[in-house]
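Since the structure comes first, as structure tokens, the remarks are kept for the end.
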Amino acid sequence: MIRTLKSAGSSIAEGEQTDVTAVVEALLAEVEKGGDRAVRELSNRFDKFDRENYRLTTAEIERCINSLSKREREDLDFAQDQIRKFAEAQRATLRDLEIETLPGVILGHKNVPIQNVGCYVPGGKYPLLASAHMTVLTARVAGCERVITCAPPFRGKIAEKIVAAQALAGADEIYCLGGVQAIAAMAYGTETIAPVDMLAGPGNAYVAEAKRLLFGKVGIDLFAGPTETLVIADESVDGEIVATDLLGQAEHGVNSPAVLITNSEKLAKDTLAEIERLLKVMPTAAIAAKAWEDCGEIILCDTVEEMVAEGDRVASEHVQVMTRDPDYFLDNMNNYGALFLGVRTNVSYGDKVIGTNHTLPTNKAARYTGGLWVGKFLKTCTYQRIETDEASARIGQYASRLCIMEGFAGHAEQANIRVRRYGRRNVPYAGAAEPF
């Protein structure tokens, strides 16, 4: 039997989302119409940051890289090495294909990199330089020709560590520009910013809504909402580590869901006690406490099968499994952004350094998509070739009749003309439909 020990207290109201949409629509229209002038006005309005050209110069980028301490540079290089290695391994699994399906009929596909990619790196609340690795590096490994980045200023100044991470990851153009104005500038283009074909990277509710509204004009990686974490645990672990892992992600924002699914009532109660204790000492307790109060849940199950079913229902962005047999959940769960298997790993590793991508589906999107990976920056494009007259006539007979079944006479004649030209001369239409 499934029981809820603690329920989430609130959710985003429909009216709030409507307000966000209206604001973002107006801002997008401003940039589409006003170009660089509008971008500058909005950057002044929202970030109190003004310059004639928001693209950073080579000298500015070099200063940002040189501002890193020796240890900071080593740490950034280590993280980027791990992310690059995994992205390269993923890329190696994506192979071009060519097959002869019938004698003389060749079908294939090629994995073609998206040419122009715009990467957004959030940095208003926290300077999330890890997002530079996750987007820029992955696009680079995919083979994208042009990769540009936007990140807002941090506390009124260029976010040096973000810029360094963007540059070291291989960004071609780096802009100190945030919010909806950055997303709009990359999508629409301005007098000084050439437009992109795809947008990638996380952001706040306004950035996420801008990407949603622009989807279709440009591609996007995925729809992203507030960070979510789900811990699935049994009595093989203790309440302190479970509470730490829940609150460690709840500090992202006051609307970040943090959920525990367990088959141990003792662990559930111990976790509640540990959460109360940790919230008294956490530097980010004000955010984490509100997130836990409004969005935190504890769900009790009797069996591991129920735990799997609940995990699939929640369909969380991050799923941390700390049970005696974590691979059972790897084998049986379907709906998750990323799995973190066993007590030795955690979501923070994935967020920053271990190598898997931290841009992941939220709001139950894990039911139908995975997260950002090298394949998102590739288009799998098919092609066909027919090498013999006989093959063309053979396919044409079927194509002609199938077109007539659908009422497409013009389609049928495309097939017919090839049947007439390439088929056996003593069979005028070789079984195809009548010509015009």
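The values are calculated or read from the model by the stated rules, or taken from the named source; none is laboratory data. Computed from a prediction, not measured in an experiment: that's the story for all the values here. Cβ placement follows ideal geometry from the backbone for every residue including glycine, while neighbour counts extend to all protein chains displayed. Each accessible area value is taken on the protein alone, full model and side chains, heavy atoms only, with ligands, DNA and RNA left out. Shrake-Rupley method; radii C 1.70, N 1.55, O 1.52, S 1.80 Å.
Remark: pairs (first residue in region 142-157, polar (S, T, N, Q); second residue modelled with pLDDT of 95 or more and open to solvent by 10 Å² or more (accessible area, probe 1.4 Å); Cβ separation under 6 Å; 6+ apart in sequence or on different chains) = T149/A171.
Filtered by the rule that a residue be of a type in the set (V, I, T), within 18 Å of E228 (Cα to Cα) and surrounded by fewer than 21 Cβ atoms within 10 Å (Cβ to Cβ), region 342-352 gives a lone residue, T345.
Within region 262-287, the set of residues being closer than 15 Å to K6 by Cβ and among the aliphatic types (A, V, I, L, M) comprises L267, A268, L272, A273, I275, L279. Inspection of region 41-54 identifies no residue that is open to solvent by 60 Å² or more (accessible area, probe 1.4 Å) and within 19 Å of L213 (Cα to Cα). I'd like the full set of residues that are under 21 Å from T18 (Cα atoms) and in contact with a Gly (Cβ under 9 Å, 6 or more places away or on another chain), limited to region 205-233. Correct list: A205, Y206, V207, A208, A210, K211, L222, A224, P226, T227. If you go through region 87-110 and keep only what is in contact (Cβ under 8 Å) with a residue 24 or more places away in the chain and either more than 14 Å from A139 (Cβ to Cβ) or not in a helix (DSSP H, G or I) (or both), you end up with L94, L102, P103, G104, V105, I106, L107, G108, H109, K110.
Number of residues in region 95-112 that are under 26 Å from T356 (Cβ atoms) and open to solvent by less than 40 Å² (accessible area, probe 1.4 Å) equals 1. Residues of region 170-195 that are open to solvent by less than 10 Å² (accessible area, probe 1.4 Å) and closer than 23 Å to Q115 by Cβ: I174, Y175, L177, A182, I183, A184, A185, M186, A187, I193.
Within the option set L97, L129, being under 27 Å from the mean Cα position of the chain (by Cα) and farther than 18 Å from P153 by Cα holds for one residue only, L97. Considering only region 61-69, I want to know if a residue exists there that is of a type in the set (S, T, Y) and either touching a helix residue (DSSP H, G or I) at 6+ places or on another chain (Cβ under 6 Å) or outside any loop (DSSP other than H, G, I, E, B) (or both). Yes. All of K125, K70, K85 fail the test of being at pLDDT below 95, open to solvent by 10 Å² or more (accessible area, probe 1.4 Å) and not aliphatic (A, V, I, L, M), apart from K125. On inspection, E413 passes the criterion of being open to solvent by less than 90 Å² (accessible area, probe 1.4 Å), charged (D, E, K, R) and more than 16 Å from L102 (Cα to Cα).
Inclusion of R344 among residues that are out of contact with any strand residue (DSSP E or B) (no Cβ under 6 Å at 6 or more places or on another chain), of a type outside the set (D, E), free of Cβ contacts under 8 Å to residues at least 12 places away in the same chain and part of a loop (DSSP other than H, G, I, E, B) is warranted. Contact annotation: residue pairs with Cβ atoms under 9 Å, 6 or more positions apart or on different chains, pairing a residue in region 50-77 that is touching a residue at least 40 places away in the same chain (Cβ under 8 Å) with a partner that is open to solvent by 50 Å² or more (accessible area, probe 1.4 Å) and assigned to a loop (DSSP other than H, G, I, E, B), are N53/T192; Y54/T192; R55/T192.
The lone criterion from (1) under 30 Å from E88 (Cβ atoms); (2) part of a helix (DSSP H, G or I) left unmet by V319 is number (2).
Looking only at residues in region 132-151 that are open to solvent by 10 Å² or more (accessible area, probe 1.4 Å) and not aliphatic (A, V, I, L, M), the one that is nearest to C176 (Cα to Cα) is R146.
Residues checked against (1) open to solvent by less than 20 Å² (accessible area, probe 1.4 Å); (2) touching a residue at least 12 places away in the same chain (Cβ under 8 Å):
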| position | (1), (2) |
| --- | --- |
| A286 | no, no |
| D302 | no, yes |
| V314 | no, yes |
| F329 | yes, yes |
| Y336 | no, yes |
| F340 | yes, yes |
| I354 | no, yes |
| K364 | no, yes |
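A single entry from A224, A258 fulfils the requirement of being crowded, with 21+ Cβ neighbours inside 10 Å and over 19 Å from the mean Cα position of the chain (by Cα): A258. The selection criterion, being within 30 Å of T388 (Cα to Cα) and either modelled with pLDDT under 95 or open to solvent by less than 90 Å² (accessible area, probe 1.4 Å) (or both), does not hold for G118. Just wondering, is there one or more residues in region 106-113 that are within 26 Å of V39 (Cβ to Cβ), among the β-branched types (V, I, T) and more than 18 Å from the chain's Cα centre (by Cα)? So far as region 106-113 goes, no, none of its residues is within 26 Å of V39 (Cβ to Cβ), among the β-branched types (V, I, T) and more than 18 Å from the chain's Cα centre (by Cα).
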